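In what follows, a single structure is set out as C-alpha cells and then discussed.
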Amino acid sequence: MEDNFMHQVKLADEIFYVGVNDRKTHLFENYWPLPHGMAYNSYLIVDEKVALMDTVERAFIDEYLSNIKNILGDRKVDYLVINHMEPDHSGAIRSIVAEYPDITLVGNKKTFPMLENFYQIKQNTLEVGDGDQLPLGKNTLEFYTIPMVHWPETMVSFEKTNGILFSADAFGAFGTLDGGIFDDELNLSFYEEEMMRYFTNIVGKYSPHTQRAMKKLSGLDIKMIAALHGPIWRSHTDFVLSRYDKWSRYETEEGVVIVYGSMYGNTEKMADVIARQLAERGVKNIRVYDASKTHQSYIISDIFKYKGFIVGSAAYNNEMFPSVEALVSKIEHMGIKEHLLGVFGSFSWNGGGVKNLMKFAENIKWNLVYDPVEEKGALKADKFQMCIDLANAMADKLRE
Ligand code: FEO
C-alpha cells in the first residue's frame, strides 16, 4: 500500500468520508456552470463487512482508490451500494469491480438494467427493495427507493445504528468541500445559494417526487444526512430538510425576476422602467437579468426564490429573442408552478417577441398580472405608462 498523507474523516466510529473534489470541470452534466466546483461524495463503512456507498466521477479514480486504501489498507470491500446510477457517481464502478472482483453490487430492480447498459456488468448483484436490510456487523443498512430524485432508479440507504441517511442526490449542493466537510465546519450561507442552485437546476423538475420522497422518509430517525454532493449535515439537518421542503412546494418570497433579450437597448429600457417602478412600490428583491449574459442556472434559481417573473423580448426573425426563447422553454420544461407573470417587449416592423411570449404564458398557466406591453422601436409615453402599470399590478399582486 502506498502512503497517503490525508486526514481520515469520520462520520461515526466505523464510517468514513472518501469523496473527491472536482475543481476542473466547468459545466456539470456538461450544462450547468460550476464556478465553485463540485464534490462527488462517497462513504466507506468498515465493519465486519465493508460497504462502499456509491463511487465518484471516473476521472478521479486514482485519488478515490487512494482514499479507500488509506482507510482499508489491503482489506477488501464486500459491498458496493449503488444508490444512484448517474455517471458522476457510477463512473468508477468498473474500476472498483476490477480492484475488488468479489464485491457484491447492491441496488434495486431499476439499478441493474442501467448497470448493464452503461458498464456491461451483470454479475454479483444483490437486489433490494423498500425496507430491506443489509447487516454489516454493528451497522445495518435499510433501503428505500426515491424514484426521480433524480433518476428512476435512485434509492437511499439508512444506516440504522447511527441514524445516517445516505441520501443520493437529495439534499445535495454544488460547490467543492474546501476543508470543511460537515455543516458545522463551514459557512452555510454560501452553501445555501449553491444548494438552491443545485436543487432548482438538477432536481427542481421533480419537485412533486421530492415531496413524495420526503414523506416516505419522514418516519426515520435521521441524525445525519450524507448526500452525494455538498456538505454532510449533522448539526443542521433541519436547515437542509426545511429548504428542500420549501423549494419543492414552490414556496416563494416577495420579489421579482425581470429577464429580457434586447439587441440595441429598447427592450432593456422597458425592463429598467419596470424595475424602478417596482422599487418605488417598495419591492426590495428585484433581479434584472440579460438572458444573453447570465446563464439560465442562476436565473432559474432566482425564479424558484421569488414569486414574480416579468419577461421581455425583442422580436428576432419574427420570433422571440433566442436567449429568451431558450429560457422560457427551459422553464416550461421544468414545469415550475405558482408564479405571477408579466410580459413585455419591442419590435421594429412586424413583431414576434411578445406574440410568442404570450404562447409561453398560455402554456405555463401562471397568473398574468397585466396586459402584455409591446412597443414599436424606442419607448414612448403611452407604453412607458403601461410599463408603470405592469409594475404596479405586479406589486399589488405580490401583496395580496
Ligand atoms: Fe449527482 Fe443525479 O447525479
message: Given the options LYS24, LYS49, name the one that is within 21 Å of LEU141 (Cα to Cα) and of a type in the set (D, E, K, R).
response: LYS49
- request: Give the residues of region 259-285 that are more than 16 Å from GLY312 (Cα to Cα), free of Cβ contacts under 8 Å to residues at least 40 places away in the same chain and among the small types (Gly, Ala, Ser), sorted by residue number.
  value: ALA279
- request: Inspect all residues belonging to region 156-174 and state whether any of them is within 16 Å of the ligand (Cβ to nearest atom), at pLDDT below 95 and within 22 Å of the chain's Cα centre (by Cα).
  value: no
message: Which count do you get for residues in region 107-123 that are of a type outside the set (Ser, Thr, Tyr) and touching a residue at least 40 places away in the same chain (Cβ under 8 Å)?
response: 3
- request: Considering only region 233-325, give the helices (runs of 4 or more DSSP H) lying wholly within it that have at least 2 residues that are more than 22 Å from LEU379 (Cα to Cα).
  value: 237-248, 296-305
Pick from region 158-201, criterion among the acidic types (Asp, Glu) and part of a loop (DSSP other than H, G, I, E, B), ranking: farthest from ASP130 (Cα to Cα): ASP178
message: What's the number of the only condition in (1) polar (S, T, N, Q); (2) farther than 22 Å from THR294 by Cα; (3) out of contact with any Phe, Trp or Tyr (no Cβ under 9 Å at 6 or more places or on another chain) that ASN392 fails to meet?
response: (3)
message: Suppose the filter is away from the ligand (no atom under 16 Å from the Cβ), part of a helix (DSSP H, G or I), surrounded by fewer than 20 Cβ atoms within 10 Å (Cβ to Cβ) and on the phi < 0 side of the Ramachandran plot; does ILE71 pass it?
response: yes
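Can you tell me which residue is nearest to the ligand (Cβ to nearest atom) among those in region 81-120 that are outside any helix (DSSP H, G or I) and acidic (Asp, Glu)?
GLU86
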query: Does region 261-280 include one or more residues that are at pLDDT 95 or above and under 23 Å from THR200 (Cα atoms)?
result: yes
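Look at ASP183 and say whether it is surrounded by 14 or more Cβ atoms within 10 Å (Cβ to Cβ) and either under 24 Å from SER66 (Cα atoms) or out of contact with any Ser or Thr (no Cβ under 8 Å at 6 or more places or on another chain) (or both).
Judged against the criteria, ASP183 is not a match.
The values are calculated or read from the model by the stated rules, or taken from the named source; none is laboratory data. Every value quoted in this text rests on a predicted model; they were computed, and no experiment measured them. Don't worry about glycine lacking a Cβ; one is built from the backbone with ideal geometry, like all the others, and counts go over all protein chains shown.
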